[in-house]
Amino acid sequence: MNDMELLTWVRGPGLNIAIGIFILGTIWRLIEIYSLGRKPDLSVPRHRAGASGFHTILRRSVAPPGMLKRSPVSYIGGYIFHVGLAVVVFLFAPHIKLIESLVGLSWPGLPSSIIDATTIVTLAAMVAVLVDRFFKPAKRFLSTFEDYFTWALTFLPLLTGFMAVKHLLLPYTTMLALHILSVELLLIFIPFSKLFHAFTTFPSRWYNGDISGRKGVSV
């Protein structure tokens, strides 16, 4: 299989397979989670001011008091690469064109220069978070193979995409094929890994805040 054949495959059958596994896996995981149900709470509600689902989502989206100073790399680097990743994925013109071809939705993108700068900053933030995890004994002890593998699967699409756009290292056709392939591997991995928190973080925060507020517990 030459470069063009590989590119043709990853843009066709490979992409269809990855999207299919991603969708089916996501649906299965959501059914698995929400089918657990919730026992009816028959107690009298004792709502606590400021303790609700939406308040909890907002509060837990920022660093707790003192933690930003105690672990700046984890929080600042984490915010940067999450926001940067979202910007690159959803505001890069070729990505928007792909989304439009799949679901028919489109919106304005950002200039290439901004996307380039965002990609570099995001890659740097991810490297900083990885180095911090490796050199902090407690974080290194708690880290598993899945943590590092997940980091690599998230890092590679950004790196290969940037290298393809800038025509670095390998011919454009080869690098573009590798970029698309890395994205497909990420899509396949998301429903079955910690990356599924993209779908569960905010619902779980809302649930915890809502149930705690009803019980009169401070969140």
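Name the residues in segment 76-86 that are within 16 Å of L156 (Cα to Cα) and open to solvent by less than 80 Å² (accessible area, probe 1.4 Å), would you? Let's see the steps before the verdict.
Taking segment 76-86 as the starting set, the residues that turn out to be within 16 Å of L156 (Cα to Cα) are 81-82, 84-86.
Residues satisfying the conditions are F81, G84, L85, A86.
Can you say whether T160 is in contact with a His (Cβ under 7 Å, 6 or more places away or on another chain) and surrounded by 18 or more Cβ atoms within 10 Å (Cβ to Cβ), as far as the supplied structure shows? Don't jump to the end; show me each part of the working.
Values: in contact with a His (Cβ under 7 Å, 6 or more places away or on another chain): yes; surrounded by 18 or more Cβ atoms within 10 Å (Cβ to Cβ): yes.
Against the criterion (in contact with a His (Cβ under 7 Å, 6 or more places away or on another chain) and surrounded by 18 or more Cβ atoms within 10 Å (Cβ to Cβ)), T160 qualifies.
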- Note on the structure: When (1) of a type in the set (S, T, N, Q); (2) closer than 21 Å to I76 by Cβ; (3) out of contact with any helix residue (DSSP H, G or I) (no Cβ under 7 Å at 6 or more places or on another chain) are applied to S143, the one that fails is (3)
- Checklist (1) open to solvent by 80 Å² or more (accessible area, probe 1.4 Å); (2) touching a residue at least 12 places away in the same chain (Cβ under 8 Å); (3) assigned to a loop (DSSP other than H, G, I, E, B); (4) not basic (K, R) applied to L105, failing item: (2)
- Message: Looking at segment 1-24, I want the residues that are open to solvent by 90 Å² or more (accessible area, probe 1.4 Å) and have a partner that is hydrophobic (A, V, I, L, M, F, W, C) and modelled with pLDDT under 90 with Cβ atoms under 8 Å, at least 6 apart or on another chain. Which pairs are those?
- Response: W9/M1
- Of (1) over 30 Å from I27 (Cβ atoms); (2) not in a helix (DSSP H, G or I), A128 fails just (2)
- Tally the residues that are surrounded by 17 or more Cβ atoms within 10 Å (Cβ to Cβ) and under 23 Å from W151 (Cα atoms), restricting the search to segment 88-102. 3
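Mind listing whichever residues of segment 162-219 are among the hydroxyl-bearing types (S, T, Y) and outside any helix (DSSP H, G or I)?
Taking segment 162-219 as the starting set, the residues that turn out to be among the hydroxyl-bearing types (S, T, Y) are 172-174, 182, 193, 200-201, 204, 207, 212, 218.
Listed by number, the residues that qualify are S193, S218.
The values are calculated or read from the model by the stated rules, or taken from the named source; none is laboratory data. Keep in mind it's a predicted model, so treat the numbers as computed, not measured. A quick note on method: Cβ atoms are made from the backbone with ideal geometry, for glycine too, and the neighbour counts reach across all protein chains shown. We work out accessible area using only protein heavy atoms, side chains counted, and drop any ligands, DNA or RNA first. Shrake-Rupley method; radii C 1.70, N 1.55, O 1.52, S 1.80 Å.
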